[in-house]
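What follows is one structure encoded as structure tokens, with my remarks underneath.
The values are calculated or read from the model by the stated rules, or taken from the named source; none is laboratory data. What you see is a predicted model, and the numbers here were worked out from it, not measured in a lab. In this analysis, Cβ positions are derived from the backbone assuming ideal geometry, glycine residues included, and neighbour counts consider all displayed protein chains. Note: areas computed on protein heavy atoms with side chains; ligands, DNA, RNA excluded. Shrake-Rupley method; radii C 1.70, N 1.55, O 1.52, S 1.80 Å.
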Amino acid sequence: MDRDTAEHSSERLPERTGGTDDPVVDPVVELVEVVAVLGAFPALAGATLRVEPGEIVLLRGPNGAGKTTVLRVCAGLLPVVRGEGRVLGLDLTSDRDTIRTRVGLLGHANGLYTDLTVSENVRFWGATVGATAEEVVAALDRLALTGRLADVPVRRLSAGQRRRTALACLVARRAELWLLDEPHAGLDASGRDELDATLRQAAASGATVMVASHELERTGALATRVVDVVAGQVRG
Amino acid sequence: MTQTSTAPRSSDPGPQRAARRPGTGTTATRVLGGVTLVAIGWLVAFGLGFSPADRDQEESVRILYVHVPTIWVAYVAFVVTAVCSGIYMFSRRHSLGWDRAAGASAEIGVLFVALTLLVGALWGRLTWGVFWQWDARLTTTALLFVTYIGYLAVRRLGGSHHQRARRSAVIGMLAVLLIPLVHWSVRLWRSLHQEATVLRTDGQVRMDGLMLFSLFVGVIAFTLIYVWLMLHRTRVMAMEDALDDHGLEEALAARRAEGDRPDGER
Amino acid sequence: MSTWRIALLVAGKDLRVERRSRVVTNQVVPFAAVTMVMFAFALDADAVLQRVAPGLVWLATLFSLLVLVQRSYAIETDDGALDALRVAGVDPAALFWGKALALAVQLAVLEVILIGTAVVLYGAEVRAEGLVLLVTTLVTATCSLAVVGTLYGGLAAGFRGRETLLPLLVLPVVAPVLIGATRAVEAALGTVPGAVVSEGWPWVGLLAVFAVAFGVGGTLAFGPLIDE
Amino acid sequence: MQDAGFILGSYAVTFGAIALFAWITVRRGRRLSRQVPTDEQYWT
């Protein structure tokens with residue numbers, strides 16, 4: 001688990017670790033005919049997907065197609081019922097615990113403690129993976145959550161500001177694979193620009209990004225590749 | 001492997017299906033069932049007929065021959081639940097068969113404890129004049145009953161089979177740990193506050209040979225009942241699980257067909 | 001990060017949420033106090049109340065425990081934080097101990113308040129020679145209740161109907177704690193005529209065994225319980 | 001027999017309840033085994 005800790009500038013985002021040791025570039029995500037269920041419902045009825053390092057992949061599809069489930073499976077949250085999956089070179093059935101420490105997921109819910117302030121939330125989530133104080137400050141800067149805003153309890157924020165706080169938590173967590181579920185929802189124009197910039201920068205510094213969205217005109221420009229999700233099936 | 005075994009059956013299902021009566025029974029369980037019925041007959045004959053009345057308890061001692069074996073077998077059932085849970089959790093294969101055995105055993109155990117409490121209340125009314133006494137053993141048994149009701153509730157929480165198995169295995173192992181703890185605490189509780197009369201709620205009656213033999217027949221009969229019920233209940237559970245899996249298969253096909261419709265995007 | 005540092009982080013977070021939201025202070029403590037008053041209405045005799053005061057204190061604590069556990073997991077599930085904790089790869093054992101620690105702190109405060117209430121309302125008296133026993137009992141009973149509450153609360157957290165499932169699971173399990181803590185406090189306060197302080201110590205032993213058993217169980221089993 | 005009602009009653013309750021449980025189990029088994037493919041029924 002030695003991460004690259006050299007020289008943290010405020011603008012720098014995490015580097016993928018696997019690449020330096022391993023010259024052969026493995027795919028970050030590799031799903032083969034993966035089936036996952038929510039209760040008794042097969043939300044994912046066969047997903048085959050390959051994502052290379054540094055890509056920004058857009059998962060496109062109508063509501064209920066299974067986009068969220070793809071992300072939750074890749075985060076190691078939902079078990080793979082059938083098929084095979086590897087994330088960051090680790091098996092999705094046997095190494096889920098390790099995978100979880102190395103990916104970051106922004107789901108429908110923000111995963112924030114609404115009674116705590118913005119900075120307290122970011123500090124807490126950063127601390128769960130051992131982020132330093134500077135990294136937390138950098139993450140807050142990155143999403144323009146500075147000044148008075150940083151000390152406001154999350155329950156008093158707008159939906160867009162909460163989304164930005166959740167993103168800052170994600171930045172502080174230094175994930176190697178970013179999984180974002182409708183990240184633009186609720187953001188205003190400037191928030192969207194900040195989000196896009198953050199994601200581009202993450203990808204540029206070696207992280208891989210998967211975004212589920214139905215706002216094509218917004219995410220289409222950002223994504224390096226678009227993958228369709230239809231009726232629980234993914235081919236890409 | 002499954003393919004080779006299913007092929008001949010599906011090609012020629014007629015005679016095979018006709019030969020076998022549908023259900024969870026096999027020749028072995030039918031024989032076992034017969035033996036169990038004979039044992040129950042013996043128990044009734046000895047318990048109600050041949051065995052003598054007790055000096056103190058008089059005729060009411062006859063209740064003992066069903067009362068004591070039910071609680072003994074219930075304890076065995078809960079230990080089996082814990083052992084099967086442990087095997088499920090710690091074995092490499094995490095075979096669901098162990099989980100189903102644990103669940104079936106707990107169900108039967110709960111049934112037997114319920115019967116113990118019910119019959120015990122009847123007996124208590126006869127010998128003490130009241131249905132319930134806050135005696136150590138009664139209290140422990142009542143708590144045991146509620147604890148395993150909770151275990152069965154956890155089994156019904158939903159989710160995948162393995163989720164159910166993991167959760168209930170944890171609860172099953174903790175619950176069996178609780179038995180000595182509860183027993184000890186309740187014993188201590190009552191021993192410090194001695195009742196005026198020492199009540200006898202257990203089988204610690206001085207017994208003559210025939211009474212002891214009747215009790216022995218009772219234990220045999222109830223153990224056989226337990227085994228017979230276990231066999232059938234685990235098989236029913238296996239089919240319930242299989243039906244669930246089958247439901248998933250159909251749901252998968254339906255989900256895939258949804259995407260293949262011509263108006264689909266692809 | 002080590003398990004203990006994460007546990008302290010989680011506990012600190014829980015306590016900070018409480019300090020900000022004041023749900024326990026403004027709702028659970030009054031609830032417990034009202035319960036104590038209701039007991040007095042139900043058992044309308046001074047002598048009886050004084051005698052059963054320790055039992056009523058622990059009964060009120062148990063009811064409050066259920067509410068505290070619900071609250072402890074409500075803050076995790078309200079905005080999907082429990083999922084986020086799992087994705088963050090937080091060690092389940094650390095999560096268990098963190099939440100148990102925060103719960104224990106809240107319970108301890110509540111118990112002190114309840115004993116104070118018993119002194120005022122029921123006429124129970126804290127005697128000097130029983131003070132060590134009283135404090136030790138409070139600490140061990142609190143640990144027992146906190147680990148059991150955290151363990152079963154985690155199991156019930158993700159489900160509809162958890163409000164009813166939790167009491168069904170927890171109450172039979174904590175019966176030994178209720179018995180043991182009640183008897184130990186009776187011995188410490190001398191509410192029962194002829195009670196000697198030394199009679200209370202075996203009960204503290206029982207509580208300690210209980211706390212250790214469920215502490216170990218929770219450390220090992222919390223992961224499978226909260227995972228999907 | 002003295003107290004015959006209680007004694008016979010407790011025998012009847014015990015075996016009655018067990019028989020009921022057994023009957024429900026077997027009946028459910030019959031119904032399910034028609035729906036579940038034979039190769040899933042490992043005891044056959």
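Given A:ARG235, A:ARG200, which one is farther than 23 Å from C:LYS13 by Cβ, surrounded by fewer than 22 Cβ atoms within 10 Å (Cβ to Cβ), touching a residue at least 24 places away in the same chain (Cβ under 8 Å) and within 14 Å of chain B (Cβ to nearest Cβ)? First the steps, then the outcome.
Values: A:ARG200 fails: within 14 Å of chain B (Cβ to nearest Cβ).
Just a single option satisfies the conditions, and that option is A:ARG235.
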(message) If I filter the range A:114-126 for residues that are open to solvent by 20 Å² or more (accessible area, probe 1.4 Å) and outside any helix (DSSP H, G or I), do I get at least one hit?
(response) yes
(request) Sort out which residues of the range A:99-110 are at the interface with chain C (Cβ under 7 Å from one of its Cβ atoms), in a loop (DSSP other than H, G, I, E, B) and more than 12 Å from A:ALA168 (Cα to Cα), and write them in order of number. (result) A:GLY107, A:ALA109
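Where residues in the range A:206-227 are open to solvent by 30 Å² or more (accessible area, probe 1.4 Å) and closer than 19 Å to A:PRO27 by Cβ, which of them is modelled with the lowest pLDDT?
The first filter runs over the range A:206-227 and keeps only residues open to solvent by 30 Å² or more (accessible area, probe 1.4 Å), leaving A:214-218, A:220-221, A:224-226.
Checking the rest, the ones that are also closer than 19 Å to A:PRO27 by Cβ come to A:224-226.
Values: A:THR224: 84, A:ARG225: 87, A:VAL226: 87.
Per the criteria, the residue is A:THR224.
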(request) Could you please find all residues in the range C:171-209 being without any contact (Cβ under 8 Å) to a residue 12 or more places away in the chain, more than 14 Å from C:GLY130 (Cα to Cα) and more than 9 Å from chain B (Cβ to nearest Cβ)? (result) C:PRO193, C:GLY205
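Looking only at the range A:40-60, which residues are among the acidic types (Asp, Glu) and more than 20 Å from A:HIS214 (Cα to Cα)?
First, pick out the residues of the range A:40-60 that are among the acidic types (Asp, Glu): A:52, A:55.
A:GLU52, the sole residue that qualifies.
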(message) I'd like the residue in the range D:1-12 that is in a helix (DSSP H, G or I) and open to solvent by 50 Å² or more (accessible area, probe 1.4 Å) and, out of all such residues, is nearest to the other protein chains (Cβ to nearest Cβ).
(response) D:PHE6
(request) Please list, ordered by first then second residue, the pairs with beta carbon atoms under 8 Å, 6 or more apart or interchain, first in the range C:87-111 and away from every other protein chain (no Cβ under 14 Å) and within 16 Å of C:LEU151 (Cα to Cα), second among the charged types (D, E, K, R) and surrounded by fewer than 24 Cβ atoms within 10 Å (Cβ to Cβ). (result) C:LEU103/C:ASP14
(message) Anything in the range A:157-191 that is closer than 13 Å to A:LEU140 by Cα and aliphatic (A, V, I, L, M)? List them, or say none.
(response) A:ALA166, A:LEU167, A:ALA168, A:LEU170, A:VAL171, A:ALA172
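Just checking, how many residues over the range B:162-181 are more than 7 Å from chain C (Cβ to nearest Cβ), open to solvent by 30 Å² or more (accessible area, probe 1.4 Å) and not hydrophobic (A, V, I, L, M, F, W, C)?
Initial filter on the range B:162-181 (more than 7 Å from chain C (Cβ to nearest Cβ)): B:162, B:164-165, B:168-169, B:171-173, B:175-176, B:179-180.
Cutting the leftovers down to open to solvent by 30 Å² or more (accessible area, probe 1.4 Å) gives us B:162, B:164, B:173, B:176, B:180.
Still in the list and also not hydrophobic (A, V, I, L, M, F, W, C): B:162, B:164, B:180.
Looking only at that region, the number is 3.
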(request) Search the range B:230-248 for residues that are facing another protein chain (nearest Cβ under 7 Å) and over 18 Å from B:VAL110 (Cβ atoms) and pair each with any residue that is surrounded by fewer than 23 Cβ atoms within 10 Å (Cβ to Cβ) and among the acidic types (Asp, Glu) when their beta-carbon atoms are under 6 Å apart and the residues are at least 6 apart or on different chains. (result) B:ALA242/D:GLU40
(request) Inspect the range C:109-117 for any residue being farther than 30 Å from B:TRP189 by Cβ and open to solvent by less than 50 Å² (accessible area, probe 1.4 Å) and give the result as yes or no. (result) no
(request) Report whether or not B:HIS94 is over 16 Å from the mean Cα position of the chain (by Cα), more than 8 Å from every other protein chain (Cβ to nearest Cβ) and open to solvent by 10 Å² or more (accessible area, probe 1.4 Å). (result) yes
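Could you check, for the range A:83-98, whether at least one of its residues is over 19 Å from the mean Cα position of the chain (by Cα) and not in a loop (DSSP other than H, G, I, E, B)?
Taking the range A:83-98 and keeping what is over 19 Å from the mean Cα position of the chain (by Cα), we get A:83-84, A:93-94.
Now drop any that are not not in a loop (DSSP other than H, G, I, E, B), which leaves A:83-84.
Yes - at least one qualifying residue is present in the range A:83-98.
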(message) So D:SER33 passes all but one of these: (1) at the interface with chain B (Cβ under 7 Å from one of its Cβ atoms); (2) of a type in the set (Gly, Ala, Ser); (3) within 30 Å of B:ARG125 (Cα to Cα). Which condition number does it fail?
(response) (3)
(request) Name, by its number, the condition in (1) within 13 Å of the chain's Cα centre (by Cα); (2) more than 13 Å from every other protein chain (Cβ to nearest Cβ); (3) within 17 Å of A:ALA138 (Cα to Cα) that does not hold for A:VAL209. (result) (3)
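One line per residue, one yes/no per condition, for (1) in contact (Cβ under 8 Å) with a residue 60 or more places away in the chain; (2) surrounded by fewer than 19 Cβ atoms within 10 Å (Cβ to Cβ):
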position	(1), (2)
C:ILE6	yes, no
C:MET36	yes, no
C:ALA47	no, yes
C:LEU59	yes, yes
C:LEU82	yes, no
(message) A:GLU15 - would you say it is surrounded by 15 or more Cβ atoms within 10 Å (Cβ to Cβ), modelled with pLDDT under 85 and either among the aliphatic types (A, V, I, L, M) or not in a strand (DSSP E or B) (or both)?
(response) yes
(message) Filter the range B:20-51 down to the residues that are over 19 Å from D:THR14 (Cβ atoms) and among the small types (Gly, Ala, Ser) and list them by number.
(response) B:GLY23, B:GLY25, B:ALA28, B:GLY34
(request) Please work out which one of (1) in a helix (DSSP H, G or I); (2) open to solvent by less than 20 Å² (accessible area, probe 1.4 Å) is the condition C:LEU66 fails and give its number. (result) (2)
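Among the residues of the range D:16-30 satisfying the criterion of being open to solvent by 20 Å² or more (accessible area, probe 1.4 Å) and facing chain B (nearest Cβ under 7 Å), which is nearest to B:THR127 (Cα to Cα)? Explain how you work it out, then say what you get.
Residues of the range D:16-30 that are open to solvent by 20 Å² or more (accessible area, probe 1.4 Å), as a first pass: D:16-17, D:19-21, D:23-24, D:26-28, D:30.
Going one step further and asking which of them are facing chain B (nearest Cβ under 7 Å), we end up with D:17, D:21, D:26, D:28, D:30.
Values: D:ALA17: 24, D:PHE21: 29, D:VAL26: 37, D:ARG28: 40, D:ARG30: 43 Å.
Across the range D:16-30, the extreme among qualifying residues is D:ALA17.
Look through the range A:28-60, keep the residues that are in a loop (DSSP other than H, G, I, E, B) and at positive phi, and return whichever of them is nearest to the other protein chains (Cβ to nearest Cβ). Let's see the steps before the verdict.
Here is the first cut: in the range A:28-60, the residues in a loop (DSSP other than H, G, I, E, B) are A:28, A:39-40, A:52-55.
Narrowing further to those that are at positive phi: A:39, A:54.
Values: A:GLY39: 6, A:GLY54: 21 Å.
This residue is A:GLY39.
Within the range C:173-185, identify whether any single residue is open to solvent by less than 10 Å² (accessible area, probe 1.4 Å), more than 18 Å from the chain's Cα centre (by Cα) and over 30 Å from A:GLY39 (Cβ atoms), and answer yes or no. Full working, then the answer.
To start, the set of residues in the range C:173-185 that are open to solvent by less than 10 Å² (accessible area, probe 1.4 Å) comprises C:173-174, C:176-177, C:180-181, C:184-185.
Within this subset, residues satisfying the condition of being more than 18 Å from the chain's Cα centre (by Cα) are none.
Looking for residues that are open to solvent by less than 10 Å² (accessible area, probe 1.4 Å), more than 18 Å from the chain's Cα centre (by Cα) and over 30 Å from A:GLY39 (Cβ atoms), one finds none in the range C:173-185, hence no.
Being open to solvent by less than 10 Å² (accessible area, probe 1.4 Å) and at pLDDT 85 or above narrows it down to one of A:LEU177, A:LEU157, so name that one.
Values: A:LEU157 fails: open to solvent by less than 10 Å² (accessible area, probe 1.4 Å).
On inspection, the qualifying residue turns out to be A:LEU177.
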(message) Pull out all pairs, ordered by first then second residue, where Cβ-Cβ is under 6 Å, the residues are six or more apart or on different chains, the first lies in the range C:131-142 and is basic (Lys, Arg), and the second is open to solvent by 30 Å² or more (accessible area, probe 1.4 Å).
(response) none
